[in-house]
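Visitor: First the structure, then my questions, so here it is.
Every number here is computed from the coordinates shown, using simple stated rules; none is lab data. This structure is a prediction, so every number in the text was calculated from the model and none was measured. Reconstructed Cβ throughout: ideal geometry from the backbone, glycine too, with neighbour counts over all protein chains shown.
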Number of protein chains: 2
Amino acid sequence: MPIERIRYLPLRGKITDAVSAAQCIQDGTNLFISGFTAGYPKLIPQELARRARAGERFKINLFAGASTEDTVDGILAEAGVLAWRRPYMSDRIMREKINRGDIYFKDDHLSSLSEQVRAGNLGTADVAVVEAVCITEKGHLIPTMSVGNTPTYVREGRRIIIEISDLPIELQGLHDIFIPEDPPYRMPIPIYRAADRIGKPFIELDPNRVEAILFSREQDRYPIFHEPDEVSRRIAEQILDFVRHEIRKDRLSPTLPWQSGVGDVANAVLAGFLEDDFFQEIEIYSEVLQDSVLDLIDIGKVRAASGSSLTLSDKARRRFFNEIYRYREKIVLRPVEISNSPEVIRRLGVLAINTAIEVDIYGQVNSTHVMGTHLMNGIGGSGDFLRNGAVSFIVTPSTAKEGRISAIVPMVTHVDHSEHSVDVVVTENGLVDTRSLTPRQTAEQIIRRCAHPDYRDMLWDYFQRALKERGGHEPHVLEDAFFMHRRFMETGDMRPR
Amino acid sequence: MPIERIRYLPLRGKITDAVSAAQCIQDGTNLFISGFTAGYPKLIPQELARRARAGERFKINLFAGASTEDTVDGILAEAGVLAWRRPYMSDRIMREKINRGDIYFKDDHLSSLSEQVRAGNLGTADVAVVEAVCITEKGHLIPTMSVGNTPTYVREGRRIIIEISDLPIELQGLHDIFIPEDPPYRMPIPIYRAADRIGKPFIELDPNRVEAILFSREQDRYPIFHEPDEVSRRIAEQILDFVRHEIRKDRLSPTLPWQSGVGDVANAVLAGFLEDDFFQEIEIYSEVLQDSVLDLIDIGKVRAASGSSLTLSDKARRRFFNEIYRYREKIVLRPVEISNSPEVIRRLGVLAINTAIEVDIYGQVNSTHVMGTHLMNGIGGSGDFLRNGAVSFIVTPSTAKEGRISAIVPMVTHVDHSEHSVDVVVTENGLVDTRSLTPRQTAEQIIRRCAHPDYRDMLWDYFQRALKERGGHEPHVLEDAFFMHRRFMETGDMRPR
Ligand SMILES: CC(C)(COP(=O)(O)OP(=O)(O)OC[C@H]1O[C@@H](n2cnc3c(N)ncnc32)[C@H](O)[C@@H]1OP(=O)(O)O)[C@@H](O)C(=O)NCCC(=O)NCCS
Ligand SMILES: CC(C)(COP(=O)(O)OP(=O)(O)OC[C@H]1O[C@@H](n2cnc3c(N)ncnc32)[C@H](O)[C@@H]1OP(=O)(O)O)[C@@H](O)C(=O)NCCC(=O)NCCS
């Protein structure tokens, strides 16, 4: 019985439908929602889209934890009701509108948004809409498949709308909710191991600010993961080989936790552990936990997995829901300011693996802007992990678009992560540890080892020309630095005809 | 009597001269020295330069805390004995050789080098040479005007050479030495206020590894500070106005500590407090403490000042040495991995002010490479502070080279700090808080407010053209993004004739 999920009785009077609940959301509302690739509200966004389709003219500012797929970002972008959206998103329609300037977007490090909200830098938190599996006897919230910024949004939201999901109630106990203090008088975040629980298993809620409660049977959209292809497998293999070597040389401890970004390559790295005997009792201190984490737990290889969301394929979800009690012993979901905390990442010595759009010969990284201008998704947590990891890996297939684009370029067209923060660059062709190389040595190695054979000569020519014509610590021929991108824009291929 | 400065008697037998002490430094030696704009050894570098001039052929790899001026970097670079140099440096001759590729240089975040050394990533620490004011009864070292990476170099160094300086012995008690643990099993760095002392007032030393002790009367080179000019004063004024406003609006706490980078502008910001009544009981959590800090202490405005070195003009030094006991109550010098610790900077909520070479219309920052190719000094601690400050300011005069170069450009030629980590951009013309702006809005504001009037139209034209011809979240015309730099390289002026 859904009503039993509201165990705090005074709140049962707040049950209503989406139409009336959403009435408090009007033109100019700042809307703060749960959701971090999973765990976003569904009914209110649908209702807002419906109102727009029915002809109502209004614009809201939408703040989430991270991406919320087409179920929220897609339909709201399409409905044309968004003035602002922050932070990270990955929806196709929203992306197009952001790139046209129709939706305002500012790309924040995920670790820092909650703090900005608490400081009031994003304006008043007019309405918070959150998905939960239940409201406890004391009136607290149990979130669903993600935590993200929800604890702060619930604390700051003037009005709160709760969508009670029909996901298994056993999710209770999965989350660890801790809102850090704000400067100047604050204490350390007391996490010393990936598994440490430092907070409460629920989000504290002021019942007086609850505007409405809805019951929802809507599900998160399932991401589709592909079996690791040859490219991802090669990237994963090289990373594991490298770390194994560093451990044997006693330059890395064998018990450092791992972070692996979003997408197929990231999934493949963790999948690589499946067939590897060297690594045992793995700890994961990451952001988004994907299918591969469950696989590793099943074979007893994971000691602990910490993240801010659990984003599972349809199949993995069913497995997870059948045995939550078992996975719950290994998995902990935290607010993103904790999963991505620079302090904790650095303390634990995380091995951080993130995917780039393109990398240049000196190791500068573009994670966000295709051809320097068009936003792909956003920086997400990549900066949080890259800048603070014990070793930071940047991975990318050496080409995109069936080989017509080289992901290794003379100069990236946008920089999200500078060479100072990038340690190791990996493509399917090879791996370069830049930590003890000069920029010129890095260039030589990245061209030789990481670039795709089709592009090696062209990159080498550029580098030699820069050395001769300009020199300097990082030789570049500024007027030609983007010649490969220009060729692609003109001919649709970075290779000459 | 200098010999009394070696209070640990067994070590008195190690007193020798530079010629014999330096014999353990041979071709291929990894040499780790104290020094962080101040507090570097002088005799050994001079002896090495002498050997080179006398015709001996050898190359060493030199690692310091940060820059060591011409007294070390300059003479060793000139002598041609350096294979490698890490991290930050600021000497003219060394810079030239690095840019020619004659000296290998890798630009590390200052906070991370000690940890790399302990992990063994930089090779064995063959010889450590450190400046100290004395050796205590227990055989520990009291450093001089900086701490930098010295504690780790002394711990890791296989052979240690100590240069006993004749600076006042009262420096004892100024330093706070704490080497953090290394991952994965480490605890927080327990600093909760800028003034907190968490370590010992000396550097622990294994007397068995002491190779030689020298007495030195050589002094650090005095930096020359200029009285704040109109440009620096305007920059400082705007920052103080902005912070005052944010405090009044309750978006910032009035007690956040300040960091201010190196150089005249940085000095001017702190000088700005002298004539300001709003800010009282200031805390400084910075890297290099300069003259302005003493001035502020003298008028009772500073509650605490923490840094890794004290770099004072001739005049200020004399004042400091006369009353060390008084300044010592306010000032603490720490290892750079603590002064620049991302964990601590974030916890305290530091207001971070750093100088750029150039900034682009979207807020991307170049701190290191002139025209994208030629290294100026290095990233230093700017990334440590910028990436973790509660508010990160990037400051620069709007032009360089008598107006022939605009420091506001369409696209920076090298990126050290990405827009995601830069909050506020300030020139003498104006200030832009980018935290709630889209990239396009940021561009409009930076052009309008920060750029020099001579360059505004040219930047605006570029931005409009990029908007029209390319669009996207950050419009750029890649083939023209460096048109101003190219014009400068061709004509010596970014302005058209
Ligand atoms: C970089 C990023 C977009 C790669 O995503 P992915 O799913 O692993 O990689 P894909 O190869 O599928 O690339 C995604 C798209 O970018 C395109 N692309 C990749 N490299 C490209 C390049 N150099 N130039 C142009 N397009 C490129 C791909 O062709 C693909 O396009 P499509 O959607 O039209 O097929 C993604 O990892 C990301 O957003 N990263 C930033 C945030 C982050 O790192 N988060 C993790 C922190 S915990
Ligand atoms: C950026 C930095 C070089 C500016 O130094 P500064 O002493 O404040 O500034 P100056 O205006 O004197 O500039 C130094 C030189 O760079 C030149 N310069 C400045 N901007 C320039 C530009 N856009 N293009 C070309 N040259 C430029 C100046 O003309 C000057 O040259 P000169 O030595 O031939 O006179 C310096 O702050 C730095 O090295 N920063 C990086 C490290 C850092 O931030 N450390 C602090 C962290 S705690």
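Visitor: Helix-only estimate, please: 222 nm mean residue ellipticity of chain A, summing -39500 (n - 2.57) across DSSP H runs of length 4 or more and dividing by its residues, to the nearest 500.
Guide: Value at 222 nm, helices only: -7500 deg cm²/dmol.
Visitor: What do the square roots of 5 times the Cα gyration tensor eigenvalues come to for segment B:74-191, in whole Å, largest first, as semi-axes of the equivalent ellipsoid?
Guide: Taking √(5λ) for each eigenvalue gives 27, 21, 13 Å, largest first.
Visitor: Now a separate question. Using the Kirkwood radius built from alpha carbon pairs, what does the Stokes-Einstein equation give as D for segment A:230-491 at 10 °C and 1.306 mPa s, in µm² per second?
Guide: Answer, rounded: 84 µm²/s.
Visitor: Give me B:V336, A:V147 ranked fewest to most by other Cβ atoms within 10 Å of their Cβ, as a rough exposure proxy.
Guide: In order of increasing Cβ crowding within 10 Å: A:V147, B:V336.
Visitor: Among A:T355, B:A128, B:V365, flag the residue with its Cα farthest along the positive direction of the charge dipole of the protein assembly as shown, charges on Cβ as +1 for Lys/Arg and -1 for Asp/Glu.
Guide: Value computed over the given set: B:A128.
Visitor: I would also like to ask the following. Place a +1 charge on the Cβ of each Lys and Arg in the protein assembly as shown and a -1 charge on the Cβ of each Asp and Glu, then give the dipole magnitude about the Cα centre in debye, rounded to the nearest 20.
Guide: That gives a dipole near 480 debye.
Visitor: How many nm is it between the label spots at A:N208 and B:I198, if each spot is 7 Å from the Cα in line with the beta carbon?
Guide: Between A:N208 and B:I198, the simple spin-label model gives 3.9 nm.
Visitor: Okay, next question. If you take the beta carbon distance between A:I169 and A:D457 as r and set R0 to 35 Å, what does 1/(1 + (r/R0)^6) give as a FRET efficiency, to the nearest 0.05?
Guide: Efficiency computed from Cβ-Cβ geometry: 0.05.
Visitor: Roughly what % of DSSP beta bridges within chain B run antiparallel, to the nearest 5?
Guide: Percentage antiparallel, nearest 5: 25.
Visitor: In addition: Taking a label point 7 Å from Cα toward Cβ, how far is B:I3 from its twins in the other copies, in nm, shortest first?
Guide: Computed spacing set for this position: 9.6 nm.
Visitor: If you keep only loop residues by DSSP, which chymotrypsin sites (Phe, Trp or Tyr not before Pro) in segment B:171-273 have at most 15 other Cβ atoms within 10 Å of their Cβ?
Guide: Qualifying residues, ordered by number: B:Y185.
Visitor: While we're looking at this one, here's another question. Shortest first and in nm with one decimal, please list how far the A:G55 label point sits from its counterparts in the other copies (point 7 Å along Cα→Cβ).
Guide: Copy-to-copy label distances for A:G55: 10.0 nm.
Visitor: Something else about it: Assuming a strict under-28 Å limit between Cα atoms, what lysine pair count do you get for chain A once near-sequence pairs (fewer than 8 apart, same chain) are dropped?
Guide: 23
Visitor: How far apart, in nm, are the 7 Å Cα→Cβ label points at B:R92 and A:D250?
Guide: Those two pseudo-labels are separated by 4.6 nm.
Visitor: May I pose another question? Just to confirm the filter: which GluC sites (Glu not before Pro) across segment A:308-415 are DSSP coil and have at most 10 other Cβ within 10 angstrom of their Cβ?
Guide: A:E402
Visitor: Report the antiparallel proportion of the DSSP beta bridges in the protein assembly as shown as a percent, rounded to a multiple of 5.
Guide: Roughly 25 percent of the beta bridges in the protein assembly as shown run antiparallel, per DSSP.
Visitor: Something else: Within 10 Å of each Cβ in B:439-445, how many Cβ atoms from other chains are there, averaged over the peptide?
Guide: If you average over the peptide's residues, the count of other-chain Cβ atoms is 2.
Visitor: Which distances, in nm and shortest first, link the B:E204 label point to the same label point in every other copy, taking 7 Å along Cα→Cβ?
Guide: Output for B:E204: 4.0 nm, nearest copy listed first.
Visitor: With unit charges on the beta carbon (Lys/Arg positive, Asp/Glu negative), name the residue among B:V412, B:V265, A:S292 whose Cα is farthest towards the positive pole of the charge dipole of the protein assembly as shown.
Guide: It is A:S292.
Visitor: Give me B:W460, B:W84 ranked fewest to most by other Cβ atoms within 10 Å of their Cβ, as a rough exposure proxy.
Guide: Lowest count first: B:W460, B:W84.
Visitor: OK, next. What FRET efficiency comes out for the pair A:E402/A:S436, r = Cβ-Cβ distance, R0 = 45 Å, nearest 0.05?
Guide: According to the calculation, E is roughly 0.80.
Visitor: About the Cα centre of segment B:223-264, what is the dipole size in debye to 20, counting +1 per Lys and Arg Cβ and -1 per Asp and Glu Cβ, all else neutral?
Guide: 300 debye
Visitor: Taking the Cα centre of segment B:29-83 as the origin and placing charges on Cβ (Lys, Arg +1; Asp, Glu -1), which of B:T37, B:A77, B:A54 is farthest toward the positive end of the dipole?
Guide: B:A54
Visitor: Moving on. Suppose each label sits 7 Å from its Cα in the direction of the beta carbon; what would the A:D493-B:E230 distance come out to in nanometres?
Guide: 5.9 nm
Visitor: Then there's this: So how strong a dipole does segment B:185-326 carry about its Cα centre when Lys and Arg Cβ are +1 and Asp and Glu Cβ are -1, to the nearest 20 debye?
Guide: Dipole of segment B:185-326, to the nearest 20 debye: 460 debye.
Visitor: Looking at segment B:3-216, send over the antiparallel percent of its DSSP beta bridges, to the nearest 5.
Guide: Beta bridges within segment B:3-216, antiparallel portion: roughly 15 percent.
Visitor: Mind giving me the FRET efficiency for A:R448 and A:E56? R0 is 45 Å, r the Cβ-Cβ distance, nearest 0.05 is fine.
Guide: The formula returns an efficiency of 0.15 here.
Visitor: Between B:F321 and B:E181, 0.36 nm times their residue separation minus their Cα-Cα distance comes to what?
Guide: Residue separation times 0.36 nm, minus the Cα-Cα distance, leaves 47.0 nm.
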